[in-house]
Amino acid sequence: MAQAQRRAVECGVPDAAPFMHPTLLKNKGNWKYHDRPRPGVLHHVAHSGDQVWSVRAGTQRQMDTYTIRTLCDIADKFAEGHVRFTIRSNIEYMVADQKKVDPLIAELERNGFPVGGTGNSMSMVAHTQGWLHCDIPGTDASGVVKSMMDALYHEFKNEEMPNRLHLSTSCCEINCGGQADIAVIIQHTKPPKINHDMVANVCERPTVVARCPVAAIRPAMVNGKPTLEVDEKKCMCCGACYPPCPPMQINDPENSKLAIWVGGKNANARGKPQIMKMVASGLPNNAPRWPEVNKVVGDIIKAYKADARPWERMADWIDRIGWPRFFEKTGLPFTKYLIDDWRGSRSSLNASAHIRF
Amino acid sequence: MAKPMHPTPNLDQLESGPWPSFVTGLKRLAKDKDYMVDVLGHLEHSYQTRKGYWKGGTVGVIGYGGGVIPRFTEIKNEKGEAVFKDAAEFHTLRIMPPPGMHYDTATLRKFCDIWDKHGSGLIALHGQSGDIMMQGCTTENVQKAWDEINEMGFDMGGAGPAVRTSMSCVGAARCEQSCYDEAKAHKNVINAFLDDIHRPALPYKFKFKFSGCGNDCMNAIHRSDMAVIGTWRDNIRTDAEMGKKWFAKHGMNELVNDVVSRCPTKALQIKDAKDVRGVATGDAHISSVALNDSQCLEIDNKDCVRCMHCINVMTGALAPGKDKGASILIGGKSHLKIGSLMGTMVVPFMKLETDEDHEKLVELAKTTIDFFAENALEHERTGEMIERIGLVNFLEGIGLDIDANMVTQPRMNPYVRTDGWDDEVARINAKKAAA
């Protein structure tokens, strides 16, 4: 039986005001300064004299409704029923009464939500969907992140880094996780395996040809069927052809590796924003805990923590010490694959006599 | 009670350790839902074989062309039947959050109720574009869930070649460094493009992001096609009492090493109080803050690039000026196809105070998207289009004047025809004279 179809109300982005904590709403645009009384707590003071303490806690991002309701229970008990989320999936509780801060922290910790992620700590990893939901993932995201955050739990809960440390993960070279001080990204090492029986039915072939950054894909006939072929000498295994043409399978349990990138920076603070650089590759896709990835990430963080000066982000630190010493201090090999040969790459070569000895 | 669980030896290992476990959450949902029992089995199969098994398709809601991310299982037996049949469909609804991602608990609880009823019970807060991701729903239930979410006053986000869901920082709601009303700009701009969000018909995706200052907490310059970054034109404001307090706590070594020497344009100097310049000495662009009774930190605001570093370190003692607004950068994107691009400065400064100012921002966004829709190739992002046609052609196309703030440096090669030089100089001079 046909039901009356409900038309969508195209209401767009809702107004933020009804959702905001009353102290934030009252002092909007009128804040004077902030400080951090302890890791995980921001203290903002308004020109009106009002104060608000924001307690930040880590979450697993992919949350079941029980977890969300638990977070809501805590907000109802301590924070007038309001919360907000950060770009890195941390939850923040605002309280206008300092006396609530410690009990709120205790309640969060008791329920398994670590308090931290502020200032010069390592915040939660910005991450993507992975095997749980994506249609093109080379690896999982939630699992890689869980294993890294377990290993680096102390660095989330304490402010012991030279400056803030942002990580991201991405399950393919599209890099949905974004720029970060340290990024873990899938790096395929073999050209796509093509199911020639499927291509003509599933793929819009000119579109696929146009997607290839190195013009390695061309139309072909195999077994009398129109399909596509890849010039494997040209192919650099980026996987750009796979989303528009799933029969060009790029993901491979053995040959899809993980690469580590460093020095991405979105802030304009000090130097201009920077695009991150690849420093390691060939790490195995070793679910469920990715120990090899964790080792490299841990080594980089250890070197940065020990050697960078206050306020130096990863990129600032490397600018000072130079790339040779970065590889020396982290113990990573500098291989020929790290010398750029993509367009514009000459600007990445050392055209000077500047050498640090 | 749901059916028995599949063995999940790999996923089980992600329940240990101190960080909150998504696997524990999935298992909690699987106690009552056959759907989630099979989602866990599906995910475990990926962990064992190290491959993904979801394919896309076409699922939507009435009236919209996007916003649902369809997922159908590819784990089939030899008869072509889904092995994890209760999780054969696992679609996501992308929902746009309020600017700044503020919520009251009644709203979050309502989301939970709707998603327990119609979906998997798994919600991601938030996706990398900023969406509330209601993850896991059958084709049959997508419309039912959407109807209830929409009744709450929430709308669907973008997917495919569309204007996408946006993000804005906490900004004016809680941050002293905010230079405009980020939430207002976010809502105004995005709500001017609802048709382009809900009915994907652009060459490719188009993202806006809104950050209240150069710290760019929303990663707008790199992660959006049009980045709105707060800034100011007048002098950094100072507070002597807080300056002295900061100096008493941190001392000269930190001032020199962490503040003065980290200024990217050497705009900071330590001066004896008697030598400090300012309005009194005819130097209106100088601001200064007292460190103690005899020494000051002097800022030459003509040299300052509004990077935010000194203000970050000495919050309260230093603050953005009062003549605030925003810079606009266009063309940020990630790797594929031509490589990562940062946005390019195209509007060094615009005011964002009055409704008219905000309307100008919306107009600029509309002009930019019109040009993008007309001129970009299929699957070409705005930054790639600008790389292909050149910045000058783009600026002429959207009617913006060139400005030396748009480049790091002038041209480094002679490969350009300059026979229009005299006319161009005459045009610039005429414009200056008319101003």
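Of the residues that make up region A:178-192, is at least one facing chain B (nearest Cβ under 10 Å), surrounded by fewer than 24 Cβ atoms within 10 Å (Cβ to Cβ) and either more than 15 Å from the chain's Cα centre (by Cα) or over 14 Å from A:CYS241 (Cβ atoms) (or both)?
yes
Would you mention how many residues in region A:130-175 are polar (S, T, N, Q) and either on the phi > 0 side of the Ramachandran plot or facing another protein chain (nearest Cβ under 8 Å) (or both)?
4
For region B:142-185, which residues satisfy the criterion of being more than 10 Å from every other protein chain (Cβ to nearest Cβ), within 16 Å of the chain's Cα centre (by Cα) and in a helix (DSSP H, G or I)?
Within region B:142-185, B:ALA185 is the sole residue that qualifies.
Can you pull out the residues in region A:33-56 that are more than 9 Å from chain B (Cβ to nearest Cβ) and either among the basic types (Lys, Arg) or assigned to a strand (DSSP E or B) (or both)?
Passing the criteria: A:ARG36, A:PRO37, A:ARG38, A:VAL41, A:HIS43, A:GLN51, A:TRP53, A:VAL55, A:ARG56.
Residues in region A:282-300: is at least one β-branched (Val, Ile, Thr), in contact with a strand residue (DSSP E or B) (Cβ under 8 Å, 6 or more places away or on another chain), assigned to a strand (DSSP E or B) and more than 9 Å from every other protein chain (Cβ to nearest Cβ)?
Checking region A:282-300: not a single residue is β-branched (Val, Ile, Thr), in contact with a strand residue (DSSP E or B) (Cβ under 8 Å, 6 or more places away or on another chain), assigned to a strand (DSSP E or B) and more than 9 Å from every other protein chain (Cβ to nearest Cβ).
Just a yes or no: is a residue in region B:343-359 without any contact (Cβ under 8 Å) to a residue 12 or more places away in the chain, more than 19 Å from the chain's Cα centre (by Cα), in a helix (DSSP H, G or I) and more than 24 Å from B:ASN405 (Cβ to Cβ)?
Checked region B:343-359: at least one residue is without any contact (Cβ under 8 Å) to a residue 12 or more places away in the chain, more than 19 Å from the chain's Cα centre (by Cα), in a helix (DSSP H, G or I) and more than 24 Å from B:ASN405 (Cβ to Cβ).
Which of (1) surrounded by 15 or more Cβ atoms within 10 Å (Cβ to Cβ); (2) of a type outside the set (D, E, K, R); (3) in contact with a strand residue (DSSP E or B) (Cβ under 9 Å, 6 or more places away or on another chain) does B:VAL313 not meet, given it meets every other one?
(3)
Only one of (1) buried (at least 17 other Cβ atoms within 10 Å of the Cβ); (2) free of Cβ contacts under 8 Å to residues at least 24 places away in the same chain fails for B:SER294. Which number is that?
For B:SER294, the failing item is (1).
Which condition breaks for B:ARG388 when tested against (1) within 24 Å of A:ALA269 (Cβ to Cβ); (2) surrounded by fewer than 21 Cβ atoms within 10 Å (Cβ to Cβ); (3) charged (D, E, K, R)?
That leaves (1) as the condition not met.
Within region B:192-224, which residues are closer than 21 Å to B:THR367 by Cβ, more than 7 Å from chain A (Cβ to nearest Cβ), over 12 Å from the mean Cα position of the chain (by Cα) and not hydroxyl-bearing (Ser, Thr, Tyr)?
Hits for region B:192-224 are B:ALA192, B:PHE193, B:ASP195, B:ASP196, B:ILE197, B:ARG199, B:PRO200, B:ALA201, B:LEU202, B:PRO203, B:LYS205.
Looking only at region A:92-125, count how many residues are touching a Leu at 6+ places or on another chain (Cβ under 7 Å) and at the interface with another protein chain (Cβ under 8 Å from one of its Cβ atoms).
Qualifying residue count, region A:92-125: 1.
Which of the numbered conditions does A:LYS336 fail, given that it passes all the others? Conditions: (1) surrounded by fewer than 16 Cβ atoms within 10 Å (Cβ to Cβ); (2) within 30 Å of B:GLY212 (Cα to Cα).
(2)
With the requirement that a residue be more than 9 Å from chain A (Cβ to nearest Cβ) and part of a loop (DSSP other than H, G, I, E, B), what does region B:127-141 give you?
Residues satisfying the conditions are B:ASP131, B:THR138.
Go through the residues of region B:49-65 one by one and say whether even a single one is closer than 21 Å to B:TRP115 by Cα, more than 8 Å from every other protein chain (Cβ to nearest Cβ) and in contact (Cβ under 8 Å) with a residue 60 or more places away in the chain.
Yes, that holds for at least one residue.
I'd like to know if region B:97-104 contains one or more residues that are more than 7 Å from chain A (Cβ to nearest Cβ) and out of contact with any Phe, Trp or Tyr (no Cβ under 6 Å at 6 or more places or on another chain).
Yes: region B:97-104 contains one or more residues that are more than 7 Å from chain A (Cβ to nearest Cβ) and out of contact with any Phe, Trp or Tyr (no Cβ under 6 Å at 6 or more places or on another chain).
Is there a residue being surrounded by fewer than 22 Cβ atoms within 10 Å (Cβ to Cβ) and in contact with a strand residue (DSSP E or B) (Cβ under 8 Å, 6 or more places away or on another chain) anywhere in region A:9-18?
Among the residues of region A:9-18, at least one is surrounded by fewer than 22 Cβ atoms within 10 Å (Cβ to Cβ) and in contact with a strand residue (DSSP E or B) (Cβ under 8 Å, 6 or more places away or on another chain), which makes the answer yes.
Please go through (1) outside any loop (DSSP other than H, G, I, E, B); (2) closer than 26 Å to B:ALA162 by Cβ; (3) within 11 Å of chain A (Cβ to nearest Cβ) for B:LEU93 and return the number of the only condition it doesn't satisfy.
(3)
Where a number appears in this text, it was derived from the coordinates with a stated rule and is not lab data. Only a predicted model underlies this, so the values are computations on that prediction, with no experimental measurement involved. Note that each Cβ is placed from the backbone with ideal geometry, even for glycine, and that neighbours are counted across all protein chains shown.
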